Amino acid sequence: MSDRLRVKKTYKLYVGGKFPRSESGRSYAVSSPDGTELANAALASRKDGRDAVAAARKAQRPWAGQTAYLRGQILYRAAEMLEGRAGQFAEEVAETGGVEPGAALAVVEAAIDRLVHFAGWTDKYTSVLGGANPVAGPYFNHTTPEPLGVIAVVAPQDDPFLGFVEAVAPAIATGNTVVVLASESKPLPALSFGEVLATSDLPGGVVNILSGKAAEVAPHLAAHADVNGLDLSGVADADLAASLEAAAAETLKVVRRPGKPGTSLDLLRQWTEYKTVWHPAGMAAAAGGAY
Amino acid sequence: MGSILSGAEAASLVRALPGVDAVGLEARAAGLATRSVKAESKAKAIDLAISMIDLTTLEGADTPGKVRSLASKAMRPDGDAPATAAVCVYPAMVAVAAEALQGSGVKVASVATGFPAGQVPLDIRLADTEAAVRAGADEIDMVISRGAFLAGDLERVFHEIKAVKAASGDARLKVILETGELVTYDDVRRASWLAMYAGADFIKTSTGKVGVNATLPVTLLMLQAVRDFRALTGTQVGVKPAGGIRNTKDAIKYLVCVNEVLGDDWLSNEWFRFGASSLLNDLLMQRQKLKTGHYSGPDYVTVD
């Protein structure tokens, strides 16, 4: 047996395309369900949340301005990168969740398939959700779904990887940017997923991943005036969910309540808003494009 | 105040200034930048910083409409926030700004003297200044001839500042040193003193048009220069860092430096200004954060 000292990985946050430690300097120990200590993860603070929202805001307009085709290519690229590292992710899912290795690999493969699935949706959902409306006048009338902007997500607690990917992929597929609080007790696979995204040509700031206590950070994200949507699907505590929803109401956010997700189309529609445009029929060609 | 010195006297005084301890200066600036200002003091600092802003637009694409909207924002930035100190525009836009700001107490500042390079003949630079004053400018932001300064012709720079001061009449004169082009701290110190000897009412770091704009160490050095100048001559001169100050944190660092080096005498918009445009929105967002308890965002301030 080698007496070599193993180099342990430091799990850091993923904010604005970089991997910072928490601004607060804090960290916390992450253990497997049987109590074995696995690693230390950064314990994000209110200010890390603020920085992440600023990074997400900065990235949002350019990301929404990319072609749907390119957004799909990048999501597909993330699936490719994940495929190559499936072994590592399966190990992390198995260790943190106390899952059998075979079952863990199935979770990772399901996550890869979900990424490919939503990569395919990027250039299709506008046709399915939007369209040309019949109107009684000489106008072209279109409705298109547009991204809401910055979405704060509390990722599922007990489904730390597949649930995370399912929360993030539909939001960014439609041109939103996200700030995600990974599962509090099982953040490792989500934090490693940041490395996959960073090497998938995904622009920095489109996905920002924080690890820490939902009860500490989420209230500030919920009340943040520059956050447009709030996904509470990972909030287990009903009172906390209610108070977060109340805080979000102050600043007019779209809120997704805890509970099982709907269909893919529901997930895509969740973080879009409809824009309807009237064009005088004879002017559409002169206008050159949609708007 | 016009200068009583001759060009040769001023140049020799300036040449005799001691060199700057660059390491010490930067360490001092970095040390002051770590001060944390919280809660009520922060609220006061934010309002003070807003009241010190010369809200600036210096673009080829400036239109009367843009200047008017900037003027409205300067007079009433947001709810009960204080007005800014001035609106700073090109000479061609002074009349528009003066009309929009009439009676509001917000001053009209105009860049002049062939801004930003200053590489035009002196008679044209003086005519530029006179035209701005005639159109209603309360303050003139002139640029020095960096070319002459760097060539060692301090006397020419001195005489030009004196001439522009005379052409400005009652308007207060801010002298832009363009510290990014002077490069060394020694030259910043020399240029500061030269401008003050020639009758500057304010010394200002930068035009905002070159790569390096206001930095904390350079501003600290200029604050020390005005302190020493008052101790020596009894004349108080203001300081205006400009360019690159974009957020509340930076603005508060500058205020800490003013307080530490100069004290209360300079902590008003009579003697300290920020040349800025995007800084105002960040200050307003921080102000909203303190009022509402939650973070604000760019949707809650105007688009400039």
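Since every read-out is calculated from the coordinates, none of them should be taken as a lab result. Small disclaimer: the values here were computed from a predicted structure and weren't measured. All Cβ positions, glycine included, derive from the backbone under ideal geometry; neighbour counts span all protein chains shown.
Structure notes:
- Spin-label model distance (nm) - B:Ala166 vs A:Val277, 7 Å beyond Cα toward Cβ: 6.2
- For the stretch A:148-214, the relative contact order works out to 37 percent when only alpha carbon pairs closer than 8 Å and six or more residues apart are counted.
- Centre-to-centre separation between the Cα atoms of the stretch A:162-203 and those of the stretch B:23-45: 37 Å.
- Distance between the pseudo-spin-label points of A:Ser185 and B:Glu40 (7 Å out from Cα toward the beta carbon): 4.5 nm.
- Amide H contacts under 5 Å for A:Arg256: A:Leu230, A:Asp231, A:Leu232, restricted to partners 5 or more places along the chain or on a different chain, H placed in the peptide plane at 1.01 Å from N.
- Using the Stokes-Einstein relation with a Kirkwood hydrodynamic radius computed over Cα pairs, the translational diffusion coefficient of chain B at 37 °C and a viscosity of 0.692 mPa s comes to 170 µm²/s.
- Entries of B:Lys38/B:Lys289; A:Lys186/A:Lys213; B:Lys204/B:Lys253; A:Lys47/B:Lys249; A:Lys12/B:Lys289; A:Lys253/B:Lys289 with Cα pairs more than 20 Å apart: A:Lys12/B:Lys289
- Between the stretch B:181-197 and the stretch B:53-93, the Cα center-to-center distance that results, in Å: 29
- Using the Cα coordinates of the protein assembly as shown, the gyration tensor eigenvalues translate into equivalent-ellipsoid semi-axes of 54, 30, 21 Å, sorted from longest to shortest.
- Its DSSP H runs of at least 4 residues, each contributing -39,500 (n - 2.57), put the calculated 222 nm mean residue ellipticity of chain B at -15000 deg cm²/dmol, to the nearest 500.
- Across every pair of non-identical alpha carbons in the stretch B:5-85, the mean reciprocal distance, once inverted, gives a Kirkwood radius of 17.2 Å.
- Residue-wise HN-Hα coupling along the stretch A:126-141, computed from phi with Karplus coefficients 6.51, -1.76, 1.60 (Hz; x: Gly, Pro): 5, 6, 6, 7, x, x, 8, 9, x, 10, 8, x, x, 10, 8, 10
- Calculated P(r) tail over 29 Å for chain A, as whole % of Cα pairs: 34
- With contacts taken as Cα pairs under 8 Å and at least 6 residues apart, the stretch A:39-284 reaches a relative contact order of 27 percent.
- Distance (nanometres) between label positions extended 7 Å along Cα→Cβ at A:Asp239 and A:Ala215: 0.9
- Most fluctuating residue given options A:Ala56, A:Ala225, A:Ala173, as computed from a GNM of chain A linking Cα atoms under 10 Å: A:Ala225
- Percent RCO, i.e. relative contact order, over chain B, from Cα pairs under 8 Å lying at least 6 residues apart: 20
- Extension gain for the segment A:Lys18 to A:His117, taken as residue separation times 0.36 nm less the Cα-Cα distance, is 33.0 nm to one decimal.
- Once you reduce the stretch B:94-162 and the stretch A:12-53 to the center of their Cα atoms, the two points are 53 Å from each other.
- Helical mean residue ellipticity (222 nm; -39500 (n - 2.57) per DSSP H run of 4+; nearest 500) of chain A: -14000 deg cm²/dmol
- Distant-in-sequence amide contacts of A:Val207, defined by a placed amide H-H separation under 5 Å and a gap of 5 or more residues or a different chain, comprise A:Val178.
- Backbone geometry of the stretch B:144-161 corresponds, through the Karplus equation with coefficients 6.51, -1.76 and 1.60 at θ = phi - 60°, to 3J(HN,Hα) couplings of 7, 7, 5, x, 5, 4, 6, 7, x, 8, 5, 4, 5, 4, 4, 5, 5, 4 Hz, x marking Gly and Pro.
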